[in-house]
1. What accessible area, in Å² to the nearest ten, does a 1.4 Å probe give for residue 65?
2. So how tilted is helix 2-26 from the main axis of the chain? Cα-based, degrees 0 to 90, rounded to 10.
3. Find which of 127, 189, 256 sits farthest along the positive direction of the dipole of the chain, computed with +1 on the beta-carbon of Lys and Arg, -1 on that of Asp and Glu, about the Cα centre.
4. Carbon and sulfur atoms: what percent of the 1.4 Å accessible area of the stretch 52-115 do they account for?
5. Starting from the Cα-Cα distance between residue 83 and residue 258, subtract it from 0.36 nm times their residue separation and give me the gain in nm to one decimal.
6. Select from 281, 151, 60 the residue farthest towards the positive end of the dipole of the chain; place +1 on Cβ of Lys and Arg, -1 on Cβ of Asp and Glu, and compute about the Cα centre.
7. Where the only charges are on Cβ atoms (+1 Lys, Arg; -1 Asp, Glu), what is the dipole of the chain about its Cα centre, to the nearest 20 debye?
8. Residue 194 to residue 287: FRET efficiency via 1/(1 + (r/R0)^6), r the Cβ-Cβ distance, R0 30 Å, to the nearest 0.05?
Amino acid sequence: MMRALVFALTVSLMIHSVFQQGFAQSATPAVAWELTDGVECPESAYFDSNSGSLFLSLIGDGGPTGKDGDGYISRLTPDGKVLSAKWISGLNAPKGLRSHGERLWVSDIDRLVEIDIAKAKIVATIPVPGAVFLNDVTCDANGTVYVSDSMISKIYRCREGQVEVFVEGEEYEYPNGLLIEGDQLVVASWGKPNPDFSTEVPGRLYSLDLKSKKKSLITAEPFGNLDGLEAVAEGRYLVGDWMAGKVFYVTRGGRSRQILQLPKGAADIGYLPGKRLLVVPQMLENKVTAYELRRPALKR
């Protein structure tokens, strides 16, 4: 009898433990900090490890296609303190951000902007012929810049100031988020957009070999209108769904799990691996929120 009671108690405790672990993994991550003052339509957050700074691109009042010169870049500390609200100004509708060495690259509707980080100065503005809606930016180990055009399903490549089409066509599923991982370009696609940016078939994650351009699926099934993309570790990613306001964690096996629900407009996310900090520009809410991601949320 006593053994039966002990066994029953042990099983009960195990079930309770599993339940608690599952709850912890599905609970909303804690807010580390939030920024609202002076935030005008934030689009992208990017942590530059060399300078130790968090950069934000802000579109301003003119909307994502407005060539009005009211877009800007803010510079912050990792804990959300504003170092310079308008670190770089005079842009149109800046979106994706990524650095290589001492340079920060920014997409700005139909051009790439190169910024000297130490001098806080624009050193080059490179037109992208045929571009309609340049979005995310990434750089390979050699400093080659890749930029997506989500409206016309293209990815451009810029080497030594010269721009060319890397890939184009509907088979690339209207790319948005970009990330270099070794010899692969990881892509978060939106799906073919309707005039209101909704889709009949949403996007997914895939990779392109930088040399052969061979496409390989990371997530087999489409699961969102994907925007921001960051790596947690090789083969594991954080990715945002702009239309649904969701953030997903994608495992090495290509399984996606929602870890955060926000209003529509969760844009190009940033990630600080040393602090396990997810930074989400909430474009339609005019705020930027940083969340603490505890280890259970990022399990394999």
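The values are calculated or read from the model by the stated rules, or taken from the named source; none is laboratory data. Predicted, not measured: the structure shown is a model, and the values here were computed from it. Reconstructed Cβ throughout: ideal geometry from the backbone, glycine too, with neighbour counts over all protein chains shown. For the accessible areas, the whole protein counts, side chains as well, though only heavy atoms, and no ligand, DNA or RNA atoms are used. Shrake-Rupley method; radii C 1.70, N 1.55, O 1.52, S 1.80 Å.
1. 90 Å²
2. 10 degrees
3. 256
4. On the way: 960 of 2110 Å².
Roughly 46 percent of what the probe reaches on the stretch 52-115 is carbon or sulfur.
5. On the way: separation 175, 0.36 × 175 = 63.00 nm, distance 3.23 nm.
Using 0.36 nm per residue and subtracting the Cα-Cα distance, I get 59.8 nm.
6. Of the listed residues, the answer is 281.
7. Numbers: 33 positive and 36 negative charges, 265 e Å.
About 1280 debye.
8. Numbers: r = 27 Å, r/R0 = 0.91.
For R0 = 30 Å, the calculated efficiency reads 0.65.
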